[in-house]
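Data block below; observations after.
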Protein chains: 2
Amino acid sequence: MKLQARWIALAAIAAHAAGCSPLQEPPARAPTPRSVAVDDALVQFSLVAALAAGDYVAGPTLGEVLTQGDFGVGTFSRLAGEMIVLEGAIYQAHVDGTIHRVSLDDTTPFAAVKFFTEDGRIEGLAAPSLDVLDRRLDEQLARRNVPYAIRIDGEFAALTLRSVAAQSPPFKPLVDVVKQQVTWSHQNVRGTLVGLRCPPWVGTLNVAGYHWHFLSDDRQIGGHVLACELSRGTLRYDECSSLVLHLPRSREFDEFDAGLIDKGQIDQIERQRVPAAPR
Amino acid sequence: MKLQARWIALAAIAAHAAGCSPLQEPPARAPTPRSVAVDDALVQFSLVAALAAGDYVAGPTLGEVLTQGDFGVGTFSRLAGEMIVLEGAIYQAHVDGTIHRVSLDDTTPFAAVKFFTEDGRIEGLAAPSLDVLDRRLDEQLARRNVPYAIRIDGEFAALTLRSVAAQSPPFKPLVDVVKQQVTWSHQNVRGTLVGLRCPPWVGTLNVAGYHWHFLSDDRQIGGHVLACELSRGTLRYDECSSLVLHLPRSREFDEFDAGLIDKGQIDQIERQRVPAAPR
(Lines give C-alpha, C1' and ligand atoms only; values in the text may rest on other atoms or scores of the structure.)
Protein backbone atom coordinates (compact mmCIF):
# COMPACT_ATOMS: atom_id res chain seq x y z
CA MET A 1 0.00 0.00 0.00
CA LYS A 2 2.87 2.27 0.83
CA LEU A 3 4.30 1.61 -2.61
CA GLN A 4 1.00 2.60 -4.17
CA ALA A 5 0.95 5.84 -2.16
CA ARG A 6 4.50 6.55 -3.30
CA TRP A 7 3.52 5.70 -6.86
CA ILE A 8 0.73 8.23 -6.79
CA ALA A 9 3.04 10.87 -5.35
CA LEU A 10 5.69 10.16 -7.98
CA ALA A 11 3.10 10.23 -10.71
CA ALA A 12 1.85 13.58 -9.42
CA ILE A 13 5.38 14.97 -9.26
CA ALA A 14 6.14 13.68 -12.75
CA ALA A 15 2.94 15.22 -14.09
CA HIS A 16 3.90 18.49 -12.46
CA ALA A 17 7.42 18.42 -13.88
CA ALA A 18 5.97 17.80 -17.33
CA GLY A 19 4.04 21.06 -17.04
CA CYS A 20 0.67 19.41 -16.54
CA SER A 21 -1.73 21.29 -14.33
CA PRO A 22 -3.50 19.78 -11.35
CA LEU A 23 -6.55 21.67 -12.67
CA GLN A 24 -6.93 19.11 -15.42
CA GLU A 25 -8.69 15.86 -14.73
CA PRO A 26 -6.28 13.63 -12.82
CA PRO A 27 -4.90 10.70 -14.82
CA ALA A 28 -6.19 7.17 -14.35
CA ARG A 29 -4.92 6.17 -10.91
CA ALA A 30 -3.78 3.07 -9.11
CA PRO A 31 -6.29 1.57 -6.65
CA THR A 32 -6.86 3.78 -3.59
CA PRO A 33 -4.34 2.83 -0.89
CA ARG A 34 -5.84 1.50 2.34
CA SER A 35 -2.81 2.40 4.43
CA VAL A 36 -0.28 5.20 4.72
CA ALA A 37 3.34 5.09 5.90
CA VAL A 38 3.95 7.29 8.95
CA ASP A 39 7.49 8.08 10.07
CA ASP A 40 8.76 8.32 13.62
CA ALA A 41 5.35 7.93 15.26
CA LEU A 42 4.15 7.52 18.79
CA VAL A 43 1.30 5.09 18.16
CA GLN A 44 -1.58 4.70 20.57
CA PHE A 45 -4.42 2.23 20.53
CA SER A 46 -7.64 3.88 21.75
CA LEU A 47 -7.68 7.03 23.92
CA VAL A 48 -6.98 7.39 27.63
CA ALA A 49 -10.34 9.24 27.85
CA ALA A 50 -12.13 6.13 26.47
CA LEU A 51 -10.21 3.88 28.86
CA ALA A 52 -11.03 6.20 31.76
CA ALA A 53 -14.71 5.98 30.82
CA GLY A 54 -14.64 2.21 31.35
CA ASP A 55 -13.85 0.80 27.89
CA TYR A 56 -11.65 -2.05 29.21
CA VAL A 57 -12.22 -4.92 26.79
CA ALA A 58 -12.12 -4.14 23.08
CA GLY A 59 -8.82 -3.70 21.31
CA PRO A 60 -6.05 -5.14 19.20
CA THR A 61 -3.95 -8.19 19.96
CA LEU A 62 -0.53 -7.73 21.51
CA GLY A 63 0.90 -9.08 18.25
CA GLU A 64 -0.70 -6.14 16.45
CA VAL A 65 0.70 -3.71 19.01
CA LEU A 66 4.22 -4.98 18.29
CA THR A 67 3.81 -4.17 14.59
CA GLN A 68 3.65 -0.47 15.60
CA GLY A 69 6.37 -0.17 18.22
CA ASP A 70 8.92 -1.92 20.43
CA PHE A 71 8.83 0.43 23.45
CA GLY A 72 5.98 1.82 25.51
CA VAL A 73 3.30 1.46 28.13
CA GLY A 74 -0.28 0.25 28.36
CA THR A 75 -2.67 -2.09 30.07
CA PHE A 76 -4.35 -5.41 29.30
CA SER A 77 -7.88 -6.60 28.68
CA ARG A 78 -10.00 -6.02 31.81
CA LEU A 79 -7.10 -3.94 33.24
CA ALA A 80 -5.22 -7.10 34.20
CA GLY A 81 -2.00 -5.40 35.22
CA GLU A 82 0.41 -2.81 33.89
CA MET A 83 2.03 -3.23 30.46
CA ILE A 84 5.71 -2.56 29.86
CA VAL A 85 6.98 -2.83 26.26
CA LEU A 86 10.76 -2.95 26.07
CA GLU A 87 13.03 -4.03 23.22
CA GLY A 88 10.13 -5.58 21.35
CA ALA A 89 8.86 -7.74 24.23
CA ILE A 90 5.70 -7.19 26.27
CA TYR A 91 5.77 -7.69 30.06
CA GLN A 92 2.70 -7.89 32.30
CA ALA A 93 3.06 -6.64 35.89
CA HIS A 94 0.29 -8.34 37.88
CA VAL A 95 -1.39 -6.85 40.91
CA ASP A 96 1.04 -8.74 43.17
CA GLY A 97 4.03 -7.10 41.47
CA THR A 98 5.23 -10.20 39.69
CA ILE A 99 6.00 -10.18 35.98
CA HIS A 100 4.04 -12.65 33.85
CA ARG A 101 4.23 -14.08 30.42
CA VAL A 102 1.84 -12.74 27.81
CA SER A 103 0.27 -14.40 24.83
CA LEU A 104 0.48 -12.33 21.68
CA ASP A 105 -3.16 -13.30 21.11
CA ASP A 106 -4.19 -11.43 24.27
CA THR A 107 -5.74 -8.02 23.67
CA THR A 108 -5.31 -4.54 25.07
CA PRO A 109 -7.84 -1.71 25.51
CA PHE A 110 -5.03 0.88 25.64
CA ALA A 111 -1.36 0.93 24.72
CA ALA A 112 1.06 3.60 23.46
CA VAL A 113 4.21 2.43 21.68
CA LYS A 114 7.09 3.72 19.58
CA PHE A 115 9.85 2.11 17.59
CA PHE A 116 12.53 3.58 19.82
CA THR A 117 15.27 5.39 17.93
CA GLU A 118 17.63 7.39 20.08
CA ASP A 119 17.74 11.11 19.28
CA GLY A 120 19.98 11.95 22.23
CA ARG A 121 21.07 10.93 25.72
CA ILE A 122 21.90 12.27 29.16
CA GLU A 123 24.60 10.38 31.08
CA GLY A 124 25.02 10.31 34.85
CA LEU A 125 21.46 11.39 35.61
CA ALA A 126 20.31 11.29 39.25
CA ALA A 127 17.11 12.46 40.93
CA PRO A 128 15.87 12.15 44.53
CA SER A 129 12.22 11.93 43.45
CA LEU A 130 9.96 11.55 40.46
CA ASP A 131 8.91 15.20 40.68
CA VAL A 132 12.52 16.35 40.56
CA LEU A 133 13.18 13.99 37.66
CA ASP A 134 10.21 15.43 35.77
CA ARG A 135 11.36 19.00 36.38
CA ARG A 136 14.92 18.27 35.21
CA LEU A 137 13.58 16.72 32.03
CA ASP A 138 11.30 19.71 31.47
CA GLU A 139 14.50 21.76 31.29
CA GLN A 140 16.48 19.36 29.14
CA LEU A 141 13.90 18.02 26.68
CA ALA A 142 12.98 21.33 25.18
CA ARG A 143 10.32 20.65 22.52
CA ARG A 144 7.18 20.94 24.60
CA ASN A 145 4.76 20.34 21.70
CA VAL A 146 6.01 16.94 20.51
CA PRO A 147 5.77 13.61 22.35
CA TYR A 148 8.92 12.01 23.74
CA ALA A 149 9.64 8.37 24.40
CA ILE A 150 12.12 8.25 27.30
CA ARG A 151 14.21 5.33 28.51
CA ILE A 152 16.27 5.53 31.72
CA ASP A 153 18.53 2.58 32.57
CA GLY A 154 20.13 2.72 35.98
CA GLU A 155 20.32 1.99 39.65
CA PHE A 156 17.27 2.89 41.74
CA ALA A 157 17.74 3.40 45.48
CA ALA A 158 13.97 3.26 46.01
CA LEU A 159 10.89 2.57 43.93
CA THR A 160 7.16 2.52 44.68
CA LEU A 161 5.12 0.71 42.06
CA ARG A 162 1.46 -0.05 41.59
CA SER A 163 -0.72 -2.36 39.60
CA VAL A 164 -4.45 -3.08 39.52
CA ALA A 165 -6.44 -6.30 39.52
CA ALA A 166 -8.36 -7.58 36.51
CA GLN A 167 -11.88 -6.11 36.55
CA SER A 168 -15.22 -7.79 35.98
CA PRO A 169 -18.30 -6.25 34.39
CA PRO A 170 -20.14 -4.04 35.12
CA PHE A 171 -16.93 -2.02 34.97
CA LYS A 172 -16.28 0.87 37.31
CA PRO A 173 -14.68 4.06 35.94
CA LEU A 174 -10.90 3.94 36.02
CA VAL A 175 -10.68 6.69 38.63
CA ASP A 176 -12.51 4.32 41.02
CA VAL A 177 -10.48 1.27 39.98
CA VAL A 178 -7.21 2.96 40.93
CA LYS A 179 -8.60 3.60 44.41
CA GLN A 180 -8.14 -0.17 44.86
CA GLN A 181 -4.65 -0.21 43.36
CA VAL A 182 -2.02 -2.28 45.12
CA THR A 183 1.33 -0.62 45.78
CA TRP A 184 4.68 -2.04 46.87
CA SER A 185 8.18 -0.74 47.35
CA HIS A 186 11.69 -1.94 46.51
CA GLN A 187 15.17 -0.72 47.35
CA ASN A 188 18.34 -0.92 45.32
CA VAL A 189 17.04 -2.31 42.06
CA ARG A 190 18.71 -2.14 38.68
CA GLY A 191 16.31 -1.64 35.83
CA THR A 192 14.66 0.59 33.27
CA LEU A 193 12.12 3.37 33.45
CA VAL A 194 9.94 3.19 30.34
CA GLY A 195 8.35 6.58 29.96
CA LEU A 196 6.39 8.86 27.70
CA ARG A 197 5.98 12.61 27.86
CA CYS A 198 3.00 13.90 25.90
CA PRO A 199 2.43 17.57 25.03
CA PRO A 200 -0.28 19.66 26.72
CA TRP A 201 -2.38 19.58 23.55
CA VAL A 202 -3.12 15.84 23.92
CA GLY A 203 -5.67 16.87 26.56
CA THR A 204 -7.33 13.61 27.65
CA LEU A 205 -6.38 11.57 24.55
CA ASN A 206 -3.28 10.38 26.36
CA VAL A 207 -1.48 11.47 29.52
CA ALA A 208 -0.26 15.06 29.13
CA GLY A 209 3.09 15.18 30.93
CA TYR A 210 5.16 12.24 32.15
CA HIS A 211 3.92 8.66 32.48
CA TRP A 212 6.41 6.13 33.87
CA HIS A 213 6.44 2.32 34.04
CA PHE A 214 9.36 0.25 35.36
CA LEU A 215 10.96 -3.12 34.65
CA SER A 216 13.92 -4.57 36.55
CA ASP A 217 16.96 -5.91 34.73
CA ASP A 218 16.18 -9.41 35.99
CA ARG A 219 12.58 -9.08 34.69
CA GLN A 220 11.21 -9.96 38.14
CA ILE A 221 9.81 -6.59 39.23
CA GLY A 222 7.70 -4.06 37.38
CA GLY A 223 4.67 -1.80 37.37
CA HIS A 224 3.40 1.74 37.12
CA VAL A 225 5.75 4.10 38.99
CA LEU A 226 4.39 6.20 41.87
CA ALA A 227 7.75 7.17 43.39
CA CYS A 228 11.42 6.62 42.64
CA GLU A 229 14.86 7.70 43.71
CA LEU A 230 17.30 7.36 40.84
CA SER A 231 20.87 6.97 42.11
CA ARG A 232 22.48 7.11 38.73
CA GLY A 233 21.36 6.27 35.23
CA THR A 234 21.56 6.92 31.51
CA LEU A 235 18.61 8.55 29.81
CA ARG A 236 17.93 8.07 26.12
CA TYR A 237 15.17 10.03 24.41
CA ASP A 238 13.31 9.79 21.16
CA GLU A 239 11.47 12.89 19.92
CA CYS A 240 8.37 11.82 18.00
CA SER A 241 7.44 13.65 14.82
CA SER A 242 3.94 12.21 14.59
CA LEU A 243 1.15 10.77 16.70
CA VAL A 244 -1.09 7.95 15.51
CA LEU A 245 -4.43 7.18 17.17
CA HIS A 246 -5.98 3.80 16.33
CA LEU A 247 -9.69 3.94 17.15
CA PRO A 248 -11.42 0.78 18.40
CA ARG A 249 -14.37 -0.63 16.50
CA SER A 250 -16.67 -1.33 19.45
CA ARG A 251 -19.97 -0.22 20.93
CA GLU A 252 -18.16 0.96 24.07
CA PHE A 253 -15.87 3.24 22.07
CA ASP A 254 -18.71 4.56 19.93
CA GLU A 255 -20.68 5.49 23.04
CA PHE A 256 -18.08 6.99 25.35
CA ASP A 257 -18.55 10.68 26.14
CA ALA A 258 -15.24 12.53 26.02
CA GLY A 259 -16.89 15.51 27.71
CA LEU A 260 -17.25 13.53 30.94
CA ILE A 261 -13.51 13.00 31.44
CA ASP A 262 -11.31 15.90 32.44
CA LYS A 263 -7.57 16.33 32.69
CA GLY A 264 -7.73 16.28 36.51
CA GLN A 265 -9.12 12.74 36.45
CA ILE A 266 -6.40 11.55 34.07
CA ASP A 267 -3.76 13.05 36.36
CA GLN A 268 -5.33 11.33 39.35
CA ILE A 269 -5.19 8.00 37.48
CA GLU A 270 -1.84 8.19 35.73
CA ARG A 271 0.20 10.95 37.35
CA GLN A 272 -0.25 10.19 41.04
CA ARG A 273 2.83 10.71 43.15
CA VAL A 274 3.51 9.27 46.58
CA PRO A 275 6.39 10.04 48.95
CA ALA A 276 9.26 7.60 48.47
CA ALA A 277 9.17 4.71 50.94
CA PRO A 278 11.57 5.19 53.89
CA ARG A 279 14.74 3.18 53.53
CA MET B 1 9.72 -0.12 6.54
CA LYS B 2 6.26 -1.57 6.59
CA LEU B 3 7.72 -4.91 5.53
CA GLN B 4 10.18 -4.74 8.41
CA ALA B 5 7.33 -4.05 10.84
CA ARG B 6 5.45 -7.00 9.41
CA TRP B 7 8.56 -9.14 9.64
CA ILE B 8 8.94 -8.38 13.31
CA ALA B 9 5.29 -9.15 13.93
CA LEU B 10 5.55 -12.45 12.06
CA ALA B 11 8.74 -13.33 13.92
CA ALA B 12 7.02 -12.57 17.21
CA ILE B 13 4.00 -14.68 16.28
CA ALA B 14 6.23 -17.53 15.12
CA ALA B 15 8.20 -17.38 18.38
CA HIS B 16 4.96 -17.49 20.30
CA ALA B 17 3.64 -20.45 18.32
CA ALA B 18 6.90 -22.28 19.00
CA GLY B 19 6.25 -21.94 22.74
CA CYS B 20 8.91 -19.32 23.38
CA SER B 21 8.14 -16.86 26.13
CA PRO B 22 8.30 -13.10 25.67
CA LEU B 23 9.99 -13.07 29.08
CA GLN B 24 13.16 -14.40 27.54
CA GLU B 25 15.58 -12.03 25.92
CA PRO B 26 14.16 -11.08 22.55
CA PRO B 27 15.93 -12.65 19.58
CA ALA B 28 18.31 -10.65 17.40
CA ARG B 29 16.04 -8.25 15.58
CA ALA B 30 15.87 -6.52 12.25
CA PRO B 31 16.84 -2.82 12.27
CA THR B 32 14.29 -0.64 14.11
CA PRO B 33 11.66 0.47 11.60
CA ARG B 34 11.42 4.22 11.10
CA SER B 35 7.85 4.09 9.85
CA VAL B 36 4.64 2.21 10.58
CA ALA B 37 1.76 1.30 8.28
CA VAL B 38 -1.54 2.84 9.38
CA ASP B 39 -4.81 1.67 7.82
CA ASP B 40 -7.79 3.81 6.91
CA ALA B 41 -6.43 7.01 8.43
CA LEU B 42 -7.53 10.60 8.44
CA VAL B 43 -4.13 12.26 8.22
CA GLN B 44 -3.54 15.81 9.34
CA PHE B 45 -0.47 17.95 9.03
CA SER B 46 -0.05 20.17 12.11
CA LEU B 47 -2.94 21.07 14.44
CA VAL B 48 -5.73 23.59 13.95
CA ALA B 49 -4.73 25.00 17.36
CA ALA B 50 -1.21 25.69 16.07
CA LEU B 51 -2.60 27.25 12.89
CA ALA B 52 -5.00 29.36 14.94
CA ALA B 53 -2.06 30.60 17.00
CA GLY B 54 -0.44 32.03 13.87
CA ASP B 55 1.85 29.22 12.63
CA TYR B 56 1.20 29.94 8.92
CA VAL B 57 4.46 29.07 7.21
CA ALA B 58 6.14 25.80 8.15
CA GLY B 59 4.91 22.55 6.73
CA PRO B 60 5.20 19.78 4.17
CA THR B 61 5.04 20.15 0.41
CA LEU B 62 1.78 19.49 -1.37
CA GLY B 63 3.49 16.49 -2.97
CA GLU B 64 4.01 15.04 0.51
CA VAL B 65 0.37 15.70 1.39
CA LEU B 66 -0.74 13.65 -1.62
CA THR B 67 1.25 10.65 -0.36
CA GLN B 68 -1.17 10.54 2.62
CA GLY B 69 -4.56 11.13 1.02
CA ASP B 70 -6.51 12.06 -2.10
CA PHE B 71 -9.44 13.89 -0.47
CA GLY B 72 -9.61 16.66 2.11
CA VAL B 73 -9.29 20.27 3.12
CA GLY B 74 -6.57 22.66 4.22
CA THR B 75 -4.86 25.94 3.55
CA PHE B 76 -1.62 27.12 1.95
CA SER B 77 1.55 28.79 3.10
CA ARG B 78 0.74 32.27 4.48
CA LEU B 79 -3.00 31.31 4.34
CA ALA B 80 -3.05 31.99 0.59
CA GLY B 81 -6.55 30.65 -0.02
CA GLU B 82 -8.63 27.60 0.79
CA MET B 83 -7.41 24.11 -0.15
CA ILE B 84 -9.68 21.52 -1.70
CA VAL B 85 -8.24 18.03 -2.28
CA LEU B 86 -10.40 15.94 -4.59
CA GLU B 87 -9.59 12.76 -6.49
CA GLY B 88 -5.90 13.18 -5.86
CA ALA B 89 -5.65 16.77 -7.14
CA ILE B 90 -5.17 19.92 -5.05
CA TYR B 91 -7.15 23.09 -5.88
CA GLN B 92 -6.44 26.54 -4.47
CA ALA B 93 -9.42 28.90 -4.04
CA HIS B 94 -7.97 32.41 -3.98
CA VAL B 95 -9.48 35.33 -2.11
CA ASP B 96 -11.33 36.39 -5.28
CA GLY B 97 -13.04 33.01 -5.54
CA THR B 98 -11.12 31.83 -8.57
CA ILE B 99 -9.43 28.43 -8.63
CA HIS B 100 -5.71 28.42 -9.23
CA ARG B 101 -3.06 25.94 -10.14
CA VAL B 102 -0.74 24.72 -7.41
CA SER B 103 2.84 23.60 -7.54
CA LEU B 104 3.46 20.37 -5.67
CA ASP B 105 6.55 22.09 -4.26
CA ASP B 106 4.37 24.66 -2.49
CA THR B 107 3.89 24.03 1.23
CA THR B 108 0.98 23.99 3.64
CA PRO B 109 0.82 24.86 7.34
CA PHE B 110 -2.37 22.77 7.77
CA ALA B 111 -4.13 20.10 5.77
CA ALA B 112 -6.28 17.08 6.62
CA VAL B 113 -6.60 14.33 4.03
CA LYS B 114 -7.82 10.76 3.58
CA PHE B 115 -7.54 8.16 0.87
CA PHE B 116 -11.29 8.15 0.27
CA THR B 117 -12.82 4.68 0.31
CA GLU B 118 -16.60 4.63 0.32
CA ASP B 119 -18.15 2.90 3.32
CA GLY B 120 -21.70 3.87 2.40
CA ARG B 121 -23.86 6.40 0.60
CA ILE B 122 -27.10 8.36 0.84
CA GLU B 123 -28.91 9.03 -2.45
CA GLY B 124 -31.34 11.86 -3.13
CA LEU B 125 -30.13 14.03 -0.26
CA ALA B 126 -31.49 17.59 -0.04
CA ALA B 127 -31.11 20.30 2.61
CA PRO B 128 -32.28 23.94 2.72
CA SER B 129 -29.26 25.03 4.78
CA LEU B 130 -25.91 23.90 6.09
CA ASP B 131 -27.30 23.61 9.63
CA VAL B 132 -30.08 21.30 8.46
CA LEU B 133 -27.55 19.27 6.45
CA ASP B 134 -25.34 18.90 9.54
CA ARG B 135 -28.31 17.81 11.69
CA ARG B 136 -29.44 15.21 9.13
CA LEU B 137 -25.95 13.77 8.99
CA ASP B 138 -25.76 13.68 12.79
CA GLU B 139 -28.73 11.30 12.59
CA GLN B 140 -27.45 9.20 9.71
CA LEU B 141 -23.70 8.92 10.39
CA ALA B 142 -23.98 7.27 13.74
CA ARG B 143 -20.44 6.71 15.03
CA ARG B 144 -19.85 9.94 16.90
CA ASN B 145 -16.33 9.04 18.10
CA VAL B 146 -14.64 8.38 14.76
CA PRO B 147 -13.81 10.92 12.04
CA TYR B 148 -15.74 10.84 8.77
CA ALA B 149 -14.66 12.01 5.33
CA ILE B 150 -17.84 13.09 3.50
CA ARG B 151 -18.31 13.80 -0.20
CA ILE B 152 -21.57 15.25 -1.55
CA ASP B 153 -21.92 15.57 -5.33
CA GLY B 154 -24.98 17.45 -6.49
CA GLU B 155 -26.86 20.51 -7.59
CA PHE B 156 -26.65 23.52 -5.27
CA ALA B 157 -29.41 26.16 -5.52
CA ALA B 158 -27.30 28.60 -3.49
CA LEU B 159 -23.80 28.71 -2.02
CA THR B 160 -21.91 31.29 0.04
CA LEU B 161 -18.16 30.74 0.04
CA ARG B 162 -15.22 32.50 1.61
CA SER B 163 -11.48 32.67 1.23
CA VAL B 164 -8.76 34.75 2.83
CA ALA B 165 -5.82 36.70 1.40
CA ALA B 166 -2.20 35.62 1.80
CA GLN B 167 -0.81 37.10 5.04
CA SER B 168 2.49 38.83 5.71
CA PRO B 169 4.50 38.74 8.92
CA PRO B 170 4.05 39.68 11.69
CA PHE B 171 1.09 37.33 11.44
CA LYS B 172 -2.20 38.06 13.17
CA PRO B 173 -4.06 35.26 14.93
CA LEU B 174 -6.40 33.37 12.62
CA VAL B 175 -9.49 34.59 14.43
CA ASP B 176 -8.51 38.13 13.35
CA VAL B 177 -7.55 37.09 9.82
CA VAL B 178 -11.03 35.67 9.16
CA LYS B 179 -12.55 39.01 10.14
CA GLN B 180 -11.11 40.18 6.79
CA GLN B 181 -12.37 37.16 4.89
CA VAL B 182 -13.96 37.78 1.49
CA THR B 183 -17.30 36.08 0.80
CA TRP B 184 -19.27 35.61 -2.39
CA SER B 185 -22.40 33.81 -3.46
CA HIS B 186 -23.46 31.64 -6.37
CA GLN B 187 -26.74 30.16 -7.53
CA ASN B 188 -27.41 26.93 -9.32
CA VAL B 189 -23.97 25.37 -9.37
CA ARG B 190 -23.13 21.72 -9.85
CA GLY B 191 -20.23 20.54 -7.76
CA THR B 192 -18.89 18.72 -4.75
CA LEU B 193 -18.87 19.42 -1.04
CA VAL B 194 -15.61 18.09 0.39
CA GLY B 195 -16.18 17.66 4.10
CA LEU B 196 -14.83 16.23 7.31
CA ARG B 197 -16.64 15.53 10.55
CA CYS B 198 -14.32 15.15 13.53
CA PRO B 199 -15.38 13.71 16.91
CA PRO B 200 -15.78 15.92 20.00
CA TRP B 201 -12.58 14.47 21.48
CA VAL B 202 -10.37 16.21 18.87
CA GLY B 203 -10.88 19.39 20.90
CA THR B 204 -8.78 22.03 19.15
CA LEU B 205 -6.49 19.62 17.28
CA ASN B 206 -8.84 19.77 14.33
CA VAL B 207 -12.38 21.08 13.83
CA ALA B 208 -14.78 19.13 16.03
CA GLY B 209 -17.96 18.78 13.99
CA TYR B 210 -18.43 19.51 10.28
CA HIS B 211 -15.99 21.42 8.10
CA TRP B 212 -17.01 21.96 4.47
CA HIS B 213 -15.14 23.14 1.39
CA PHE B 214 -16.63 23.25 -2.13
CA LEU B 215 -15.44 22.78 -5.70
CA SER B 216 -17.63 23.18 -8.79
CA ASP B 217 -17.76 20.51 -11.47
CA ASP B 218 -16.16 22.91 -13.97
CA ARG B 219 -13.36 23.64 -11.46
CA GLN B 220 -14.05 27.39 -11.72
CA ILE B 221 -15.59 28.05 -8.28
CA GLY B 222 -14.52 26.94 -4.83
CA GLY B 223 -13.83 27.89 -1.24
CA HIS B 224 -14.74 27.37 2.40
CA VAL B 225 -18.54 26.99 2.71
CA LEU B 226 -20.48 29.45 4.90
CA ALA B 227 -23.97 28.64 3.57
CA CYS B 228 -25.50 26.27 1.05
CA GLU B 229 -28.83 25.04 -0.20
CA LEU B 230 -28.49 21.55 -1.61
CA SER B 231 -31.24 20.82 -4.13
CA ARG B 232 -30.34 17.20 -4.61
CA GLY B 233 -27.18 15.20 -4.29
CA THR B 234 -25.46 11.94 -3.51
CA LEU B 235 -23.49 11.66 -0.30
CA ARG B 236 -20.65 9.16 0.09
CA TYR B 237 -18.98 8.67 3.43
CA ASP B 238 -15.78 7.08 4.66
CA GLU B 239 -15.56 6.18 8.37
CA CYS B 240 -11.95 6.54 9.52
CA SER B 241 -10.47 3.97 11.86
CA SER B 242 -7.41 6.01 12.78
CA LEU B 243 -6.15 9.58 13.01
CA VAL B 244 -2.59 10.58 12.18
CA LEU B 245 -1.08 13.88 13.33
CA HIS B 246 2.14 14.96 11.61
CA LEU B 247 3.88 17.52 13.80
CA PRO B 248 5.88 20.32 12.15
CA ARG B 249 9.55 20.72 12.93
CA SER B 250 9.64 24.50 13.43
CA ARG B 251 10.22 27.10 16.09
CA GLU B 252 6.66 28.36 15.66
CA PHE B 253 5.21 24.92 16.36
CA ASP B 254 7.53 24.32 19.30
CA GLU B 255 6.45 27.58 20.88
CA PHE B 256 2.68 27.67 20.35
CA ASP B 257 0.60 27.53 23.51
CA ALA B 258 -2.36 25.19 23.07
CA GLY B 259 -3.89 26.58 26.24
CA LEU B 260 -4.52 29.92 24.55
CA ILE B 261 -6.85 28.51 21.89
CA ASP B 262 -10.32 27.36 22.83
CA LYS B 263 -13.00 25.48 20.95
CA GLY B 264 -15.11 28.65 20.63
CA GLN B 265 -12.37 30.32 18.59
CA ILE B 266 -12.04 27.30 16.29
CA ASP B 267 -15.81 27.35 15.73
CA GLN B 268 -15.68 31.06 14.94
CA ILE B 269 -12.91 30.42 12.39
CA GLU B 270 -14.08 27.20 10.76
CA ARG B 271 -17.74 26.67 11.63
CA GLN B 272 -19.21 30.10 10.91
CA ARG B 273 -22.63 30.05 9.32
CA VAL B 274 -24.30 32.86 7.40
CA PRO B 275 -27.87 33.03 6.10
CA ALA B 276 -28.12 31.84 2.50
CA ALA B 277 -28.02 34.69 -0.02
CA PRO B 278 -31.48 35.63 -1.33
CA ARG B 279 -32.17 34.29 -4.78
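The values are calculated or read from the model by the stated rules, or taken from the named source; none is laboratory data. All values reported here derive from a predicted model rather than from experimental measurement. Neighbour counts run over all protein chains shown; Cβ positions are idealised from the backbone, glycine included. These area figures cover heavy atoms from the full protein model, side chains too; ligands, DNA and RNA do not enter into them. Shrake-Rupley method; radii C 1.70, N 1.55, O 1.52, S 1.80 Å.
See the values below:
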item	result
Any pair with Cβ under 6 angstrom, 6 or more apart, that starts in segment B:69-90 at a residue that is facing chain A (nearest Cβ under 9 Å) and ends at one that is acidic (Asp, Glu)	B:Gly88/B:Asp70
Residues that are surrounded by fewer than 20 Cβ atoms within 10 Å (Cβ to Cβ) and not in a loop (DSSP other than H, G, I, E, B), drawn from segment B:136-153	B:Arg136, B:Asp138, B:Glu139, B:Gln140, B:Asp153
Check on A:Val175, more than 23 Å from A:Ile261 (Cβ to Cβ), open to solvent by 10 Å² or more (accessible area, probe 1.4 Å), aliphatic (A, V, I, L, M) and in the same structural domain as A:Gly72 (by TED's automatic domain parsing)	no
Top-ranked residue of segment B:114-129 - restricted to ones that are buried (at least 16 other Cβ atoms within 10 Å of the Cβ) and touching a Leu at 6+ places or on another chain (Cβ under 8 Å), ranked as farthest from B:Tyr237 (Cα to Cα)	B:Ala127
Selected residue [more than 9 Å from chain A (Cβ to nearest Cβ) and free of Cβ contacts under 8 Å to residues at least 40 places away in the same chain] from B:Asp131, B:Asp138	B:Asp138
Sole exception among (1) farther than 24 Å from B:Asp262 by Cβ; (2) at pLDDT below 95; (3) touching a strand residue (DSSP E or B) at 6+ places or on another chain (Cβ under 9 Å) for B:Gly19, by number	(3)
Residue match in segment A:116-135 (condition: in a strand (DSSP E or B), β-branched (Val, Ile, Thr) and closer than 23 Å to A:Cys228 by Cα)	yes
From B:Val57, B:Val73, B:Val65, residue being among the aliphatic types (A, V, I, L, M) and modelled with pLDDT under 95	B:Val57
In segment B:223-273, the residues that are within 14 Å of chain A (Cβ to nearest Cβ), over 16 Å from B:Ala53 (Cβ atoms) and open to solvent by 10 Å² or more (accessible area, probe 1.4 Å)	B:Arg236, B:Glu239, B:Ser241, B:His246, B:Arg249
Given (1) among the small types (Gly, Ala, Ser); (2) open to solvent by less than 10 Å² (accessible area, probe 1.4 Å); (3) within 14 Å of chain A (Cβ to nearest Cβ), number of the condition B:Gly195 does not satisfy	(3)
Residue, surrounded by the most Cβ atoms within 10 Å (Cβ to Cβ), within segment B:91-109, restricted to residues that are more than 8 Å from every other protein chain (Cβ to nearest Cβ) and among the aliphatic types (A, V, I, L, M)	B:Ala93
Residue within segment B:149-161 that is farther than 18 Å from B:Asp217 by Cα and within 14 Å of chain A (Cβ to nearest Cβ) present	yes
Selection count where residues are closer than 19 Å to A:Ser241 by Cβ and touching a residue at least 60 places away in the same chain (Cβ under 8 Å), scope segment A:200-229	2
Breaking point among (1) over 30 Å from B:Cys198 (Cα atoms); (2) open to solvent by less than 60 Å² (accessible area, probe 1.4 Å), for A:Arg190	(2)
Unique match (being surrounded by fewer than 24 Cβ atoms within 10 Å (Cβ to Cβ), under 20 Å from the mean Cα position of the chain (by Cα), assigned by TED's automatic domain parsing to the domain that holds A:Gly222 and polar (S, T, N, Q)) among A:Gln181, A:Gln167	A:Gln181
Residues satisfying the stated conditions in segment B:22-54, i.e. open to solvent by less than 60 Å² (accessible area, probe 1.4 Å), more than 17 Å from the chain's Cα centre (by Cα), modelled with pLDDT of 85 or more and not hydrophobic (A, V, I, L, M, F, W, C)	B:Thr32, B:Pro33, B:Ser35, B:Gly54
Number of positions in segment B:180-199 that are at pLDDT below 95 and closer than 28 Å to B:Leu245 by Cβ	1
Residues (open to solvent by 10 Å² or more (accessible area, probe 1.4 Å), hydroxyl-bearing (Ser, Thr, Tyr) and within 21 Å of B:Asn145 (Cα to Cα)) located in segment A:55-88	A:Ser77
Subset of segment B:159-177 [touching a Lys or Arg at 6+ places or on another chain (Cβ under 8 Å) and of a type in the set (A, V, I, L, M)]	B:Ala166
